[in-house]
Amino acid sequence: MRAAVFDGTSLQITDVELAEPGPGEVSVEIAAAGVCHSDLHVVRGEWNVPLPVVLGHEGSGVVAAVGDGVTDLAAGDHVVLSWVPSCGVCRFCLLGRPAQCQMVANVVATQGVLYDGTSRLSRHGQRLHHYLGVSSFAERVVVPESGAIKIRRDAPLDLAALVGCAIATGVGAVRNTAQQPAGATCAVIGCGGVGLAVIQGARLERASVIVAVDTLPEKLVLASRLGATHSLLVTPGLDVAGALHALVPDGLDFVYDAIGKIVTTEQAIAALGLGGAAVIVGLPPTGQRAGFEPLALAEADQRILGCNYGSAVPSRDIPRLVDELMAGDLDLESMVSARRPLDEAQDALDDLAAGHALRQLLTP
């Protein structure tokens, strides 16, 4: 089969071998894969992952085959891929927090393998690594059963791919991480794919104020269509936190950093009101440090919340989000800026890096 392999220097579309699913695993024919900043971090060398690696962690498809012991999936099922294929037995899974699964953190994500410590991917006899247990920039994948979430068959598989990362993360940041109550005020810094999903989540949870913050006017226009009540165009030298305080003088209840740069994290904290929470959704390069004044945070009873995968429970949240897509409550089509063949994976990453793209879909 064909897949996008990154070797530390270049991204190549090449033929690779994919083994059959082992016990507790399933093989999925990819329908579409979303292109995310997490893939871009790897190509830029900002995250350390085992190489060579087949990229892609957002996707959807149809189950082609199942391994021994698989009970909840069968060939022909439509699925959304989850990059947190939780083990179900570690401490965090048993606490109902699968987004913090220890098996995923210690083995799948860091070692680039599946549960048993081996890879199903190879090229000319050389082992290739899985990316976040998914590797969806390919024609087919093998994933743990918990990494393929069954969805209704009438949902469009291309749009459903976005639910596996951008939508689960963005809407989950509001619902699960922040547990934002109805009537709250919030701002979203960065209106890319995840930021727009946060805006839609805030709309669904009935926020009274949703301020979209971005450097590109066209993204703010789309943010308004998707639920933002106010827009803030960031121009050179603008005091973003001051501008947000001007819009909401009491400060905001929640500010979501959907970019993950040090400056945006610090802006999110500075824009909070009494009892507010900054939710760090976007992921920065490894090793960076942000600053804030602890006394001011304590005196105002404010919080900083980390958000991994929208604190999602994929088996619960992904089917619900697909239902909301089908009910017309979520607009995912407006978030798709391009549909491209797998051969254009590098071009898609380049457009994402340049800020021209929202969510792009690759199809085999």
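The values are calculated or read from the model by the stated rules, or taken from the named source; none is laboratory data. What you are looking at is a predicted structure, and each value in this text was computed from that prediction instead of being measured. Counting neighbours? That spans all protein chains shown, and the Cβs are built from the backbone with ideal geometry, glycine included.
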request  = Would you be able to say whether some residue in region 16-29 is surrounded by fewer than 23 Cβ atoms within 10 Å (Cβ to Cβ), under 25 Å from residue 159 (Cβ atoms) and among the charged types (D, E, K, R)?
outcome  = yes
task = Please specify each residue of region 167-179 satisfying the condition of being within 21 Å of residue 332 (Cβ to Cβ) and surrounded by fewer than 24 Cβ atoms within 10 Å (Cβ to Cβ).
result = 175, 176
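Restrict the check to region 279-299 and report whether at least one residue is at pLDDT 95 or above and acidic (Asp, Glu).
Taking every residue of region 279-299 in turn, none turns out to be at pLDDT 95 or above and acidic (Asp, Glu).
Okay, residues lined up against (1) surrounded by fewer than 17 Cβ atoms within 10 Å (Cβ to Cβ); (2) in the same structural domain as residue 41 (by TED's automatic domain parsing); (3) under 17 Å from residue 199 (Cα atoms); (4) in contact with a Cys (Cβ under 6 Å, 6 or more places away or on another chain):
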{"residue": "230", "(1), (2), (3), (4)": "no, no, yes, no"}
{"residue": "236", "(1), (2), (3), (4)": "yes, no, no, no"}
{"residue": "244", "(1), (2), (3), (4)": "no, no, yes, no"}
{"residue": "255", "(1), (2), (3), (4)": "no, no, yes, no"}
{"residue": "262", "(1), (2), (3), (4)": "yes, no, no, no"}
{"residue": "269", "(1), (2), (3), (4)": "no, no, no, no"}
{"residue": "278", "(1), (2), (3), (4)": "no, no, yes, no"}
request  = Under 7 Å between Cβ atoms, at least 6 apart or on separate chains: pull out the pairs that start in region 10-31 with a residue that is touching a residue at least 12 places away in the same chain (Cβ under 8 Å) and end on any residue that is surrounded by fewer than 14 Cβ atoms within 10 Å (Cβ to Cβ) and in a strand (DSSP E or B).
outcome  = 16/122; 17/122
ask   = Any idea which of (1) at positive phi; (2) modelled with pLDDT under 95 is the one residue 76 doesn't satisfy?
value = (2)
query = Here are some conditions: (1) closer than 30 Å to residue 217 by Cα; (2) surrounded by fewer than 22 Cβ atoms within 10 Å (Cβ to Cβ); (3) among the hydroxyl-bearing types (Ser, Thr, Tyr). Residue 315 meets all but one. Which one does it not meet?
reply = (1)
query = Can you find a residue in region 79-98 that is within 17 Å of residue 308 (Cα to Cα), of a type in the set (Phe, Trp, Tyr) and in contact (Cβ under 8 Å) with a residue 12 or more places away in the chain?
reply = yes
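Test residue 120 against the criterion of being touching a Pro at 6+ places or on another chain (Cβ under 9 Å), of a type in the set (Lys, Arg) and under 23 Å from residue 62 (Cβ atoms), and give yes or no.
Numbers: touching a Pro at 6+ places or on another chain (Cβ under 9 Å): yes; of a type in the set (Lys, Arg): yes; under 23 Å from residue 62 (Cβ atoms): yes.
Taking the combined requirement at face value, the residue satisfies it.
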note = Wholly inside region 280-364, helices (runs of 4 or more DSSP H) that include 3 or more residues that are over 29 Å from residue 141 (Cα atoms) are 294-299
ask   = If residue 69 satisfies every condition in (1) crowded, with 24+ Cβ neighbours inside 10 Å; (2) not in a strand (DSSP E or B) but one, which is the exception?
value = (1)
task = Please indicate, with yes or no, whether at least one residue in region 143-166 is farther than 22 Å from residue 214 by Cα, polar (S, T, N, Q) and not assigned by TED's automatic domain parsing to the domain that holds residue 129.
result = no
request  = Looking only at region 121-139, decide whether some residue is within 15 Å of residue 33 (Cα to Cα), surrounded by fewer than 21 Cβ atoms within 10 Å (Cβ to Cβ) and touching a residue at least 12 places away in the same chain (Cβ under 8 Å).
outcome  = yes
